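Only one structure is covered here, and it is reproduced in the block below.
The values are calculated or read from the model by the stated rules, or taken from the named source; none is laboratory data. Remember, it's a predicted structure, so these values are computed and weren't measured experimentally. Quick reminder, even Gly has a Cβ in these numbers, built from the backbone with ideal geometry, and neighbours come from all protein chains shown. Protein only, heavy atoms only, side chains kept; ligands, DNA and RNA dropped before computing areas. Shrake-Rupley method; radii C 1.70, N 1.55, O 1.52, S 1.80 Å.
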Amino acid sequence: MRENRRLRRVRFRRWAAACTVTLLLGSLAGVASAEPTPDRAPATARAFDFDHGNAALEVVYPALQQQERTAISKDGSDITLIVDYGMLLETSWFDSIAPYHRSAVGIYSNLGRRPLAERTTRNKNTAILYTSYRIFNTRIPQAAKAWREMMVSVGLDPDDRRENTRTPAGIGNLAARRVLEARWHDGMNRYGDEGGRQRAPYADYTGYQPVNTAYELRDPSRWQPAVVTHDDGTFEIQKFVTPQMRLTTPFTYKDPTRFHVPPPVNSDYHHRRAYKRQADEILAASAGLNDYRKMAAEFFGDKFMALAEAPGNAVIQDAHLDVEGFVQFIATIEIALFDTTIAVWQQKAVYDSVRPFSAIRHLYGDTPVTAWGGPGKGTVHDITGNQWRSYLPVTNHPEYPSGSTAACYAYAQAARLFLGSDKVHIAIPRKAGSSVIEPGVTPAEDLTLTYENWTDFATTCGRTRVWAGVHFPSAVRAAADFGPQFGTRSYDFVQRHIHPETAVR
């Protein structure tokens with residue numbers, strides 16, 4: 001129980017830090033505000049340099065860090081929810097600063113062009129900050145008090161709801177509304193009203209039902225929901241998270257069914273030799289876990305950290321993008337991730353493929369296997385197939401193809417196109433004993449996860465899914481071939497909005 005509590009605490013701390021980047025990354029190069037309104041500001045309002053400061057780090061990050069919970073995935077693993085929240089905010093950023101660019105046109109709004117004298121860092125970042133405030137209040141309303149305090153603490157008026165194309169606050173508010181309206185009924189079911197009747201937000205309306213139950217593997221080729229236990233002794237049975245993602249409106253194509261990955265033939269239990277071989281590959285990877293592989297798996301398993309905070313910080317440090325450049329960069333990344341996930345979810349729904357834990361239990365049952373024995377136990381030889389567990393918790397959707405791998409490859413391709421180079425320096429220090437899965441044990445000594453180019457970043461991301469025991473190698477290979485095209489599509493899409501005058505008609 002102590003392990004589970006610590007796991008949740010650490011995951012939340014990582015979530016709080018990384019969510020700031022996921023939701024606010026576009027403004028990390030320096031955010032200013034509208035003209036301060038001292039009559040609205042509290043006596044304790046701290047000094048903030050609106051022209052040279054960084055509001056994301058100095059204002060928004062502390063406000064977000066103080067929140068205990070939000071509607072976003074608590075453990076950082078539900079990629080569909082993470083990319084959905086990021087998409088709403090980061091397209092709003094793009095649209096809110098487009099009027100201050102020499103040629104850019106918003107994705108969901110054309111708010112005109114402001115005069116050259118108004119194209120200042122102050123005005124661009126003011127629009128970003130007001131857009132963020134409106135998106136937060138719409139999508140994370142339970143933290144409304146914190147968002148209000150965030151604005152007031154630096155002398156801004158949270159009640160300034162003006163929508164116009166003349167002021168940065170008005171542009172920011174208007175851009176946020178236009179994005180929210182455009183995505184209202186896009187298939188994701190954010191408000192629970194898709195499919196003809198009211199449901200919980202993000203609930204499935206497609207009617208998906210797994211072939212297998214959590215307790216009976218009727219078809220060893222198909223996905224089986226796992227039983228997830230909680231600290232208090234209760235448990236829940238997994239459900240396919242947001243299967244409707246495959247029906248959600250993408251940015252860079254119309255129909256995700258046009259994209260295909262090869263069938264997961266090795267996951268067909270009728271091909272017993274291949275089926276067993278890939279299960280044995282997972283067991284071998286499990287038995288071969290070392291400190292580096294464990295910590296790399298944990299890093300890439302945390303989508304906030306792997307797809308927002310760490311690479312984003314590297315770009316901030318290396319590329320020296322200004323606010324405008326970084327907003328354009330993060331919009332490119334987020335659209336790539338969003339469109340990749342839609343297409344991956346389409347393939348997951350088509351194949352509904354078995355996870356390694358189900359296949360290993362089916363093959364080995366009560367027969368001993370050699371594998372990682374659980375937290376702090378290292379590699380053992382007497383654990384049974386039914387007792388085997390993956391190093392990372394298994395996520396709640398079918399296995400094939402790997403969504404994490406596809407996202408990493410899409411991210412890498414979008415980044416190298418936007419930045420004009422494959423080079424990047426991502427360094428993730430990990431203190432001894434800092435593991436979430438094996439706290440106090442792993443790593444035995446301090447280590448640093450280092451990636452010197454986007455190719456290495458994406459390749460390692462894919463490998464960790466096998467090391468962690470949550471994906472078969474074929475799912476990683478398929479995703480590695482599948483993901484990059486969406487990075488290219490996103491880059492081209494955003495560039496057409498930045499330079500519409502040069503776009504091919």
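For Arg293, what accessible surface area do you get with a 1.4 Å probe? Give it in Å², rounded to 10.
Approximately 80 Å² of Arg293 is accessible to the 1.4 Å probe.
Can you tell me the equivalent ellipsoid semi-axes for region 376-472? Use √(5λ) from the Cα gyration tensor, largest first, whole Å. If you can, show how the numbers build up before the last one.
Working: eigenvalues 165, 80, 16 Å².
After scaling each eigenvalue by five and taking roots: 29, 20, 9 Å.
Got a sec? What order do Phe136, Phe235 fall in by accessible area at 1.4 Å, biggest, i.e. largest, first?
Sorted by accessible area, descending: Phe235, Phe136.
What do you reckon, how do Glu501, Glu236 stack up by accessible area (1.4 Å probe), largest on top? It would help to have the intermediate numbers written out before the result.
Working: Glu501 120, Glu236 95 Å².
Of Glu501, Glu236, the descending order of accessible area is Glu501, Glu236.
Please arrange Lys423, Lys254, Lys124 by accessible surface area, largest first, computed with a 1.4 Å probe and ligands excluded. Before the final figure, lay out the partial values.
Numbers: Lys423 165, Lys254 195, Lys124 30 Å².
Result of the area sort, largest leading: Lys254, Lys423, Lys124.
At q = 0.12, 0.19 Å⁻¹, what is the base-10 log of I(q)/I(0) for region 134-196 according to the Debye formula with one equal point scatterer per Cα and no solvent? Please give it to two decimals.
The Cα Debye sum returns log10 ratios of -0.38, -0.81.
Counting DSSP beta bridges in the chain, what percent are antiparallel, to the nearest 5?
On the way: 14 of 14 bridges.
Once the DSSP bridges in the chain are tallied, antiparallel ones form about 100 percent.
Run the quick spin-label model on His381 and Phe235: label points 7 Å from Cα toward the beta carbon, then report their separation in nm to one decimal.
That separation, rounded to one decimal, is 3.1 nm.
Which ³J(HN,Hα) values in Hz, rounded to whole numbers, follow from the phi angles of region 202-216 under the Karplus curve 6.51 cos²θ - 1.76 cosθ + 1.60, where θ = phi - 60° and Gly and Pro get x?
Per-residue couplings from phi come out as 6, 5, 5, 10, 8, x, 4, 9, x, 5, 9, 9, 5, 10, 9 Hz.
Per residue, how much accessible area does region 285-397 show when a 1.4 Å probe rolls over the protein heavy atoms, in square angstrom?
Per-residue accessible area for region 285-397 comes out at 29 Å².
Percent of accessible area on the chain owned by carbon and sulfur, 1.4 Å probe? Display every interim value, and only then the final one.
On the way: 10090 of 20170 Å².
Within the chain, the accessible surface is 50 percent carbon and sulfur.
Going by alpha carbons, how many degrees (0 to 90, nearest 10) lie between the helix axis of 2-24 and the longest principal axis of the chain?
The answer is roughly 40 degrees.
So how much accessible area does Thr213 have, in Å² to the nearest 10, using a 1.4 Å probe?
Per-residue accessible area (Thr213): approximately 50 Å².
Is region 299-344 rounded, prolate or oblate when judged by the Cα gyration tensor, a ≥ b ≥ c being the square roots of its eigenvalues, rounded requiring a/c under 1.5 and prolate requiring a/b larger than b/c?
oblate
Roughly how many Å² of Asp481 are accessible to a 1.4 Å probe, to the nearest 10?
The value for Asp481 is about 130 Å².
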